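The values are calculated or read from the model by the stated rules, or taken from the named source; none is laboratory data. Owing to the predicted nature of the structure, the values given are computational and were not obtained by experimental measurement. Every residue, glycine as well, gets a Cβ built from its backbone with ideal geometry; the counts of neighbours run over all protein chains shown. Side chains included, ligands, DNA and RNA excluded: accessible areas come from the protein's heavy atoms. Shrake-Rupley method; radii C 1.70, N 1.55, O 1.52, S 1.80 Å.
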Amino acid sequence: MPGPAGCPRKVVATTEVMGRTPTPVTTPESLTFRSDVTVELVKSSASDADVLFAARVSTAGEQSLDELKKDPERSKGLINYLMRDRHGSPFEHNSMTFFVSAPIFVFREFMRHRVGWSYNEESGRYRELQPVFYVPGSDRKLVQQGRPGKYVFVEGTPAQHEAVSGTLRESYEQAYAAYQKLLAEGVAREVARAALPVGLYSSMYATCNARSLMHFLGLRTQHELAKVPSFPQREIEMVGEKMEAEWAKLMPLTYAAFNANGRVAP
């Protein structure tokens, strides 16, 4: 599976302390720098029919299961009604599990979404963290203009992009060298990891349902159809866009209703 765990490392030396097994030491050349994120749908049980049988149980009882055998297209009006009038619970009877590889600062924002989400993240206590770090791409807007709550981001100058890239790379090299030094001294991984910055890539599994994903997308993506404006950090928006693309293929009628009703979660 792609992501930090699969990134190659160039080992150039080892350090031995008091007879312990030598610890590999990496050079700056062995660090990997990325400007993207990885999102993979690894498991799902989600379809538009899930919304319909859950909704119809209120009037049809056990006969609502017949919806699983019917074409959901014939009931897209019901899905739109549920979305428009914000009858939310029928959108919870499905599940999607994503593998995500992104910088740690993205996960810290992500895990503010607690209702309808489950997470398991790579552990810095139980494995040696790999030297994969985030450096913004040339298309990343760098400059914030305006006051808090009413600001925009604009393009950076070539000099600013060069400063960001150079400074981050230098900082990452020093931080990872410090991490390796502590490990070589026999310091526990859970202590040594304190030397590492939030630009380090981590990986996790995130499981949600359509309702919780819609709430996430309403806050963490910008879209021309959104009734309520959102101002997400670009890096978490990149994750949201990839999740949205996978969900749209699984539940096209629900996705269409979400957009038609201003991208407000029911």
- Task: Output the residue which, of all residues in the stretch 175-187 that are under 13 Å from L129 (Cβ atoms) and free of Cβ contacts under 8 Å to residues at least 40 places away in the same chain, is surrounded by the fewest Cβ atoms within 10 Å (Cβ to Cβ).
- Result: A178
- Item | Any pair with Cβ under 7 angstrom, 6 or more apart, that starts in the stretch 131-159 at a residue that is farther than 17 Å from E235 by Cα and ends at one that is part of a strand (DSSP E or B) and open to solvent by less than 90 Å² (accessible area, probe 1.4 Å) | P131/T26; P131/T32; Q145/Y151; Q145/V152; Q145/V154; G146/V152
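Quick one: would you say P266 is free of Cβ contacts under 8 Å to residues at least 12 places away in the same chain and not in a helix (DSSP H, G or I)?
no
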- Item | Set R125, R108, R112: member being touching an Asp or Glu at 6+ places or on another chain (Cβ under 8 Å) and closer than 30 Å to Y179 by Cα | R125
- Query: Pick from L129, L200, L196, L142: which is of a type in the set (A, V, I, L, M) and open to solvent by 40 Å² or more (accessible area, probe 1.4 Å)?
  - Reply: L142
- Counting only strands (runs of 3 or more DSSP E) wholly inside the stretch 112-216, the ones holding at least 1 residues that are farther than 30 Å from W247 by Cα are 143-147, 150-154
- Query: Among G77, G19, G61, which is modelled with pLDDT under 90 and either part of a helix (DSSP H, G or I) or charged (D, E, K, R) (or both)?
  - Reply: G61
- Of the residues R220, R234, which single one is of a type outside the set (A, V, I, L, M), at pLDDT 95 or above and surrounded by 18 or more Cβ atoms within 10 Å (Cβ to Cβ)? R220
- Item | The listed residue being open to solvent by 50 Å² or more (accessible area, probe 1.4 Å), under 29 Å from N120 (Cα atoms) and of a type in the set (V, I, T), out of V191, V152 | V191
- Item | Only listed residue being in contact with a strand residue (DSSP E or B) (Cβ under 9 Å, 6 or more places away or on another chain), open to solvent by less than 30 Å² (accessible area, probe 1.4 Å) and of a type in the set (A, V, I, L, M, F, W, C), chosen from A46, A54 | A46
- Message: Let me spell it out: the conditions are (1) among the hydroxyl-bearing types (S, T, Y); (2) in a strand (DSSP E or B); (3) open to solvent by 20 Å² or more (accessible area, probe 1.4 Å); (4) modelled with pLDDT of 95 or more, and T14 meets all of them except one. Which number is the exception?
- Response: (4)
